[in-house]
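Below: one structure, written as structure tokens.
The values are calculated or read from the model by the stated rules, or taken from the named source; none is laboratory data. A quick note: this is a predicted structure, and the numbers were derived from the prediction, not measured. In this analysis, Cβ positions are derived from the backbone assuming ideal geometry, glycine residues included, and neighbour counts consider all displayed protein chains. SASA here: full protein model, heavy atoms, side chains in, ligands and nucleic acids out. Shrake-Rupley method; radii C 1.70, N 1.55, O 1.52, S 1.80 Å.
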Amino acid sequence: MTLSIDLTSAQTRASLGASARLPEKPSLVGMSRDEMAEALGEAGVPERQRRMRVQQLWHWLYVRGVSDFSQMFNISKDLRVQLDRHFTVARPEVVEEQISNDGTRKWLFRFPPRGAGRPVEVETVYIPEEGRGTLCISSQVGCTLTCSFCHTGTQKLVRNLTAEEILTQLMTARDRLGDFPDAGTPDGAIVPAEGRKITNIVMMGMGEPLYNFEAVKKALLIASDGDGLSLSKRRITLSTSGVVPEIFRTGDEIGVMLAISLHAVRDDLRDMLVPINKKYPLEQLMDACRKYPGLSNARRITFEYVMLRDVNDSIDDAKELVRLLRGIPAKINLIPFNPWPGTNYQCSEWETIEKFADYINQAGYASPIRTPRGRDILAACGQLKSESERMRKSDRLALEAMMIAGHGEA
Ligand code: SAH
Ligand code: SF4
């Protein structure tokens, strides 16, 4: 059974503290320390105080997780009012929270308009596992790329998310999971890193993160900042469909783990499945991977490979995959295809996936098969899509029928 809570009623929204806010006030969330100091200056905070104020704000925002200036107890009331006049630290509106029968959670967040634009909605997914919990974060609303097996790829790009919007997905998920339990109390204890629900993040939601490089970089540098959210860079993975010119910078300037959506080992097939391949073919992609900064056996690149029946799942494909990855510290993540209404693809037979996995395992690569999670709430890889294009009821029913028939099930 799927549990879905509709949070659109005013009463529920108020009780969750999901506040509507004036779009024109800039958010302090997502600013670097220097930008914050400058913004405080523009709001009239004297220069000699700015460093100290930035430190205080950083702590309230990222260690304590407060989303209202009134909760910042060591800042004088007058200054809090002054800050509130100029800035916001509010969370996005939580429009919907769905909990899958396997414990996966999916939120639909709504962000206020930017400039003349409209409000936008994005999906964020939390996947609890034994000993860890992974948050899958979106970087864009929609995607400019059109990978033929991906549901998000059927939605046009609406816009890039800002650093604030990327970070508040993490912060709001932490609110909802109780990872900031002391927020709002003057002396509450801070949740130790090992007690946290969200231990890992993956930039594997909607959008191509390397087409929104600057905002993603800013957000991930704040998420991994030791005086704040403190996630280790080894526990942050950025997945790209293969934007070759930005791959080196990802390692050099952000320093997180890299995942590549490979999905095919020959250019002709990859051109069809992952069309960015026409621009940056396999040879260039593999070359960029070899040069990824900090690569070692302890820091491997993850190659994602979606298993599509009779398309890319033969033993010849597995052989070619092993040949292609030679010399690159790699692990291979096999993803059973997750169906969506309107797709012509089917998931490979389970036996085929196992044979494929065995072959690459014997060649010395770890090749875990990614267990599909949250399929019943369309939270699995490639199933995300935002409200503007959310499924019509008839499509939902069609999907349920597909699941029941075992169509595409691994
Ligand atoms: N745009 C980036 C980040 C998204 S990551 C990228 O493509 O890498 C989401 C992962 O799920 C990607 O590897 C994507 O190729 C894969 N995916 C997309 N649609 C899928 C589907 N229907 N079933 C399984 N995996 C899918
Ligand atoms: Fe975009 Fe990634 Fe989907 Fe391709 S797989 S359409 S790059 S989100």
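Taking each residue as 0.36 nm, the span from residue 320 to residue 38 lengthens on full extension beyond its C-alpha to C-alpha distance by 96.2 nm.
Solvent exposure of region 28-89 amounts to 51 Å² per residue of accessible area, where only protein heavy atoms count and the probe is 1.4 Å.
With a Förster radius of 35 Å applied to the beta-carbon distance between residue 344 and residue 130, the computed FRET efficiency rounds to 0.50. Each other residue within a Cβ distance under 11 Å of residue 239 adds +1 if Lys or Arg and -1 if Asp or Glu, for a net charge of -2.
Most tightly packed first, judged by the mean number of other beta-carbon atoms within 10 Å of their residues, the peptides 365-376, 199-210, 44-55 read 199-210, 365-376, 44-55. In this simple spin-label model, placing a label point 7 Å from the Cα along the Cα-to-Cβ direction at both residue 252 and residue 159 gives a separation of 3.1 nm. Shown in residue order for region 288-304 are the 3J(HN,Hα) couplings computed by the Karplus curve 6.51 cos²θ - 1.76 cosθ + 1.60 at θ = phi - 60°: 5, 5, 4, 8, 5, x, x, 5, 7, 5, 7, 10, 9, 8, 8, 9, 8 Hz (x for Gly and Pro).
Which peptide among 245-256, 215-226 comes first, and what is the full order, when sorted by highest mean count of other Cβ atoms within 10 Å?
215-226, 245-256
Please work out how much length the chain gains when fully extended from residue 86 to residue 74, using 0.36 nm per residue of separation minus the C-alpha to C-alpha distance, in nm with one decimal.
Here the answer is 2.4 nm.
With the Cα gyration tensor of region 28-89 giving a ≥ b ≥ c as the square roots of its eigenvalues, does the rule (a/c under 1.5 for rounded; else a/b larger than b/c for prolate; else oblate) give rounded, prolate or oblate?
Values: a/c = 1.43, a/b = 1.15, b/c = 1.25.
Rounded shape, in that the Cα axes give a/c under 1.5.
Set the Förster radius R0 to 25 Å, insert the Cβ-Cβ distance between residue 232 and residue 56 as r into 1/(1 + (r/R0)^6), and round the FRET efficiency to 0.05. E between residue 232 and residue 56, to the nearest 0.05, is 0.50. In order along region 310-315, phi translates into HN-Hα couplings of 6, 10, 9, 10, 7, 5 Hz, rounded to whole numbers, per the Karplus curve 6.51 cos²θ - 1.76 cosθ + 1.60 with θ = phi - 60° and x for Gly and Pro. Computed over neighbours whose Cβ is under 14 Å from that of residue 37, the net charge equals 0, Lys and Arg +1, Asp and Glu -1. Ligands, DNA and RNA are left out, and with a 1.4 angstrom probe the accessible area of region 95-405 is 41 Å² per residue.
If DNA, RNA and ligands are ignored and the probe is 1.4 Å, what is the ranking of 114, 132 by accessible area, most exposed first?
132, 114
Label-point separation (nm) for residue 283 and residue 148, each offset 7 Å from Cα along Cα-to-Cβ? A separation of 2.4 nm, rounded to one decimal place. Does region 200-334 classify as rounded, prolate or oblate by the C-alpha gyration tensor (a ≥ b ≥ c root eigenvalues; a/c under 1.5 gives rounded; else a/b over b/c gives prolate, otherwise oblate)? The shape class here is prolate. Surface composition of region 95-405: carbon and sulfur atoms hold 50% of the protein heavy-atom accessible area at a 1.4 Å probe.
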